[in-house]
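The structure appears right after this line, and notes come after that.
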Ligand code: PNS
C-alpha cells in the first residue's frame with residue numbers, strides 16, 4: 001500500500017514537473033540513419049523523447065512492432081543526445097492521443113523534401129485539431145539523408161542493392177536474416 005502511494009506520488013511529481021517531453025512517432029519499418037539524424041538534431045530541444053513505434057499490423061510490415069522496438073533500443077545508445085533521455089515505446093490508434101497520454105508537449109517529424117511537406121502539413125493540422133496543446137515540431141533532415149526512407153531502403157535491399165551507410169548495421173543484418181527466413185519458407189518479401 002505504502003509502495004503504491006509512493007509510486008503514485010513520484011509519477012505525479014514527474015508529470016507535473018516542467019519536463020519538455022516530445023514524441024517522435026513513425027512506422028520505423030525499419031529504422032534508418034535518417035531517423036537517427038532527426039533524433040540527434042531534435043534532442044537538444046527536449047528533456048525526454050519517446051520514439052513511438054506505430055503498431056500497424058494491417059500494413060504488413062517487414063518487422064513486427066517488437067522487433068522494431070528492440071532494434072531501436074539497441075541502436076539508440078550510439079546516438080549523441082546530451083541531456084535528453086530517450087525512451088522507446090509502441091502505440092496503436094491516434095498519435096495525438098498517445099502524445100497526450102504521455103504528457104508530451106511536442107510531436108517531432110522530419111521533412112526531407114518539398115514532397116513531404118503536404119502530407120506532413122495535413123497531419124500536423126489534424127493532430128493540432130485533435131489535441132490543440134501539442135505542437136508539431138519539424139526538423140529538416142540532413143542533406144545526406146534527404147532521399148532515405150524505410151520504403152526505399154526495403155526496396156533497394158530486396159533487389160540486392162547497397163544500403164550501407166543509410167541504415168544502421170544491425171538493421172541491415174536483421175533485414176538479411178528476415179530475407180533468409182522468408183526465402184526458406186518460400187514466402188514473398
Ligand atoms: O513513419 P511514418 O510511416 O511516416 O509515420 C506516420 C505516422 C505513424 C506518424 C502516422 O501514420 C500516424 O500518426 N499514424 C497514427 C494514426 C493517426 O494518428 N492518424 C492521424 C494522423 S493525422
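The values are calculated or read from the model by the stated rules, or taken from the named source; none is laboratory data. These numbers come from a predicted model, not from an experiment. Here Cβ is always computed from backbone atoms with ideal geometry, including for glycine, and neighbour counts include all displayed protein chains.
Picking from residues in region 131-150 that are in a helix (DSSP H, G or I) and under 18 Å from residue 24 (Cβ atoms), the one that is farthest from the ligand (Cβ to nearest atom) is 145. When the residues of region 68-94 are filtered to those that are away from the ligand (no atom under 15 Å from the Cβ) and touching a helix residue (DSSP H, G or I) at 6+ places or on another chain (Cβ under 7 Å), the one that is nearest to residue 46 (Cα to Cα) is 84. Can you name the number of the only condition in (1) modelled with pLDDT of 95 or more; (2) away from the ligand (no atom under 13 Å from the Cβ); (3) under 19 Å from residue 131 (Cα atoms) that residue 15 fails? Single failed check for residue 15: (1).
Kindly provide the set of residues from region 41-66 that are more than 14 Å from the ligand (Cβ to nearest atom) and either closer than 15 Å to residue 91 by Cβ or surrounded by fewer than 17 Cβ atoms within 10 Å (Cβ to Cβ) (or both), ordered by number. Result: 41, 44, 45, 47, 49, 64, 66.
When the residues of region 106-116 are filtered to those that are within 13 Å of the ligand (Cβ to nearest atom) and in a helix (DSSP H, G or I), the one that is modelled with the highest pLDDT is 116. Counting only strands (runs of 3 or more DSSP E) that sit completely within region 18-104, those holding 3 or more residues that are touching a residue at least 60 places away in the same chain (Cβ under 8 Å) correspond to 21-26.
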